[in-house]
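The values are calculated or read from the model by the stated rules, or taken from the named source; none is laboratory data. Since the model is a prediction, treat every value here as computed from it, not as a measurement. Backbone-built Cβ (ideal geometry, glycine too); neighbour counts: all protein chains shown. Areas reflect the complete protein model, heavy atoms only, side chains present, ligands, DNA and RNA absent. Shrake-Rupley method; radii C 1.70, N 1.55, O 1.52, S 1.80 Å.
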Amino acid sequence: MLDVSEAGPSLLKLSERLSVRFHKTGSGPPLLLVHTIRTQLEYFRSLAPLLARSHTVYAIDLPGHGHSPIDPGASFNEPYFRQAVIRFIEALDLSDITLVGESIGGALVLTVAASLPHRVKRVYAINPYDYETRYGDGIRRGNWLANFIIGSLQIPVLGAINASLENKIVLGKIMGGGYHDPRKLPADLLAEFDKVAHRPGYKRAARKVLAGWRSWSTARDYYRQISAPVTLIYGDSDWSRPDERERTRSLIPNSQVVTLRNTGHFSAVENPSELARAILAAE
């Protein structure tokens, strides 16, 4: 029997080749948290308790991320992750659910909402990663090191070598490019991300996520199909540009935009209190 207690994360098997790790906390109507590129459910460790005061919060590790199993044959593109989230919602028979996602999670909650209109109550897409025009486009906007390292990962042989050489210092510099104030990336959280990166097959899977960059832009094709109310939340220092934010807003029928001050791409870590306030204000 599946253990969905609040004692700790559980593993939910969705198919023979697909399982996801998740954590459930709180009580009330269901709310699903979907994390950013290159992170995991612990990314929401400060935000989830704030939302769990009024919701049953489910935070997941996307396939191949965190401690979810890695299927080496998976595509790791937007359709693959979208189907995983849909299967998770259906497996737990969640309805009238609020979807909250950041970065690739922001794009995913939008495409999932388009796919499950009968189950989704409301959507909060935070800094949605839906504007790529090249490999690793968003991450590469963070700083010169991110541009150099992430750009190199697409090069055969060299990319694999550079990925294998990544360490906590390099990872911290790259991720720091997504913060308004890089000092707000907690050292212990960075250490967890670095630890996970040493799992067998993890770095190869991470490169495949980046290789699917075109799929995050074509995700926008689904936005006009969304019937649930949508709040787009952007950090004022997010990687996305004003015209890209407006394009996303214009595609979603029932949407509004909220901007968080002094906040970058990783708002759930950098500014969880203001982010929770923006989410709960409309609930």
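Tell me yes or no: at least one residue of region 224-236 is in a helix (DSSP H, G or I) and closer than 23 Å to residue 82 by Cα. Scanning region 224-236 turns up at least one residue that is in a helix (DSSP H, G or I) and closer than 23 Å to residue 82 by Cα. Evaluating residue 258 against the criteria (1) without any contact (Cβ under 8 Å) to a residue 60 or more places away in the chain; (2) assigned to a helix (DSSP H, G or I); (3) hydrophobic (A, V, I, L, M, F, W, C) leaves one unmet condition, (2). For the condition open to solvent by 10 Å² or more (accessible area, probe 1.4 Å) and within 25 Å of residue 75 (Cα to Cα), residue 202 does not qualify.
Consider region 218-254. How many of its residues are open to solvent by less than 20 Å² (accessible area, probe 1.4 Å) and of a type in the set (Gly, Ala, Ser)? Qualifying residue count, region 218-254: 4. When region 6-32 is limited to residues that are among the hydroxyl-bearing types (Ser, Thr, Tyr) and over 18 Å from the mean Cα position of the chain (by Cα), the one that is nearest to residue 67 (Cα to Cα) turns out to be 10.
Scanning region 38-49 for residues that are in a helix (DSSP H, G or I), open to solvent by 40 Å² or more (accessible area, probe 1.4 Å) and not charged (D, E, K, R) turns up just one, 49.
Among the numbered conditions (1) at positive phi; (2) within 10 Å of the chain's Cα centre (by Cα), the only one that residue 61 does not meet is (1). Exactly one residue among 156, 72 is open to solvent by 10 Å² or more (accessible area, probe 1.4 Å), free of Cβ contacts under 8 Å to residues at least 12 places away in the same chain and more than 18 Å from the chain's Cα centre (by Cα), and that residue is 156. Restrict the check to region 91-101 and report whether at least one residue is without any contact (Cβ under 8 Å) to a residue 12 or more places away in the chain, surrounded by fewer than 24 Cβ atoms within 10 Å (Cβ to Cβ) and over 23 Å from residue 248 (Cβ atoms). Checked region 91-101: at least one residue is without any contact (Cβ under 8 Å) to a residue 12 or more places away in the chain, surrounded by fewer than 24 Cβ atoms within 10 Å (Cβ to Cβ) and over 23 Å from residue 248 (Cβ atoms).
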